[in-house]
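Taken together, the values in this text are just the output of simple stated rules run on the coordinates, not laboratory data. As the structure is a computational prediction, the values presented were derived from the model and not from experiment. Reconstructed Cβ throughout: ideal geometry from the backbone, glycine too, with neighbour counts over all protein chains shown.
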Amino acid sequence: MNPTTVDKVRTQYSSAVTLANSVLFTASAGSAAFCLYCIASHKDHLYLRLAPAMIGIAAPLLMKFRPVFRLMAAAVVIGLGVGLYVAQGFALMLVDPDRPALQALEKEAKAARVPFDGRTRIQVIEDLRSQGVAAYPPFYPYLLLDAPLRVDGEPTIALSSIANITAVCCNDSGQYLEYKTDEHGFANPAGSWSQRSIDMALVGASSAVGESVPQADNLLSQLRVRYPSAMTVGAGGNGPLLELASIREYLTLVKPKRVVWLFAESHTPEYLEAESHTPALLRYLDASYKQGLLEKQDSLNQAITGYFNSGIQTELAEEAPPRLAKDFLLLKTFRTVMYYYVTAKTAKPRPFQFNSEVYEQALREGRRMVNSWGGTVTLAYFPDSSRYAGICIYTPALRQLYDRTHEAFMKVANKLDIPVVDLSRSFPDVPAAQSAINTQYFYPYPAHYKPAGYHLAGKEILSALEKLP
């Protein structure tokens, strides 16, 4: 081999080694950046565990090997990178984690002869706004427990939405639920707070709002047949402490004769777990604590409007080309698939947790307030559809979890001597082979009750209340 050729080969080899070193250092730096991104975004799964190993071991170790090994390692890294982005491309084309739920929803809507609305909620809101309607998503107080809104310069836990707007809620049946909020942002008819005498108030989470069904079919409408002035201070995601706060901040104004306090079998223990670690909510166990939200409605409207508009703009930006490019570079779809099929599928279920001590304190204080104006409290136990064999995501283990929840709930209610309407006994508890009987009440996927389910719940509550003093 002549000297010129040798020099050329050496130059090419040197360039290849330099490129390999750059690839390895870039991969390590990229892994470090991705690790920090996972930590900052609270993505504690597969990549967060792999990234530190790549950062701390790969590049320094490989630098001690002969150049030929670094060349081979760089080739492997390049191959892995190309493979990951090819997998990302296929995931974008073939995998949609939301598709099974949407297909089930569309199938159910077709069976019920309900026109299926395939728009996203943001699209519905934008369409309504183009028609001059003040439309917003529903407000969920629990989402802001760690970062309360600032109202009049003070951190404030808001308990209701913007007053006098159209809330675009969930789509469990094929059509989006829309409802008007009252003068304090709850799902009541306008003027509800000006009534002199209130027969009943509902306190609870999404079931107290009537999510998933038209207003004529929700629980409140069923109760208004007997109690025409009945109203709700419910909000999606509320747990016992947020519900206690709603009683003190709002129901002390109208002093309802009956308060029906809902307990959601599948969610209340989870909501309470988060609330019991929120010092601002625990203050409501002190009888003297109050935020004075009734007097801050205008300021609340402004703060919540700003929160909603910021969130809507963020969601719209997620569909813009720059965000789509960022998601592609960060392998978002591929990571979602890996999380779903690796981490989520293999994760061990959380042990049963129900903070019955805090629940008892919340009930005791809520009852004290209601009794102080001459009212009474009745608890209503709302079973999840998956309690019943053959419905939704039923499993024997899940049924056992719900039975333990029911036992703990009844123990507290009996200790405080508060009447209970146990709706878990109202729906047919039959073997899976006979589960079709319950399909009239529940959707076949995780959702709220169907109209017939709310109707039955309302009937059972009214019947039970008639037997109480």
For peptides 383-393, 174-184, 260-270, sequence by mean Cβ density within 10 Å, most packed first: 260-270, 383-393, 174-184
Neighbourhood net charge (12 Å Cβ-Cβ; Lys/Arg +1, Asp/Glu -1) for Met200: +4
Approximate spin-label separation Glu466-Gln297, in nm, with each point projected 7 Å along Cα-to-Cβ: 3.5 nm
Paramagnetic label zone (point 7 Å from Cα along Cα-to-C-beta, Ser356; backbone N under 17 Å) in the stretch 382-421: 400-420
Estimated FRET transfer efficiency (Ala287, Ala147; beta-carbon r; R0 25 Å; 0.05): 0.40
Residues in the stretch 170-200 reached by a label modelled at Ser229 [backbone nitrogen below 15 Å; 7 Å Cα→Cβ]: 189, 191-200
31 Å Cα-Cα threshold exceeded, pairs from Lys180/Lys459; Lys257/Lys450; Lys296/Lys459; Lys296/Lys450; Lys180/Lys415: Lys296/Lys459; Lys296/Lys450; Lys180/Lys415
Förster radius 56 Å - calculated FRET efficiency between Ala452 and Leu330 (Cβ-Cβ, nearest 0.05): 0.80
Eligible aspartates and glutamates near Lys326 by straight Cα distance, threshold 16 Å, same-chain separation 8 or greater: Glu315, Glu318
Ordering of 147-157, 353-363 by burial proxy (mean other Cβ atoms within 10 Å per residue, highest first): 353-363, 147-157
Paramagnetic reach from Ala111 in the stretch 145-183 [backbone N under 14 Å; point 7 Å along Cα→Cβ]: 173-174
Dipole in debye (nearest 20) - the stretch 255-310, about Cα centre, beta carbon charges: Lys, Arg +1; Asp, Glu -1: 380 debye
Peptide ranges 208-220, 456-468 listed from the most packed, as the mean C-beta count within 10 angstrom indicates: 208-220, 456-468
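Give me the extension gain from Thr395 to Ser372: residue separation times 0.36 nm, minus the current Cα-Cα distance, reported in nm with one decimal.
3.9 nm
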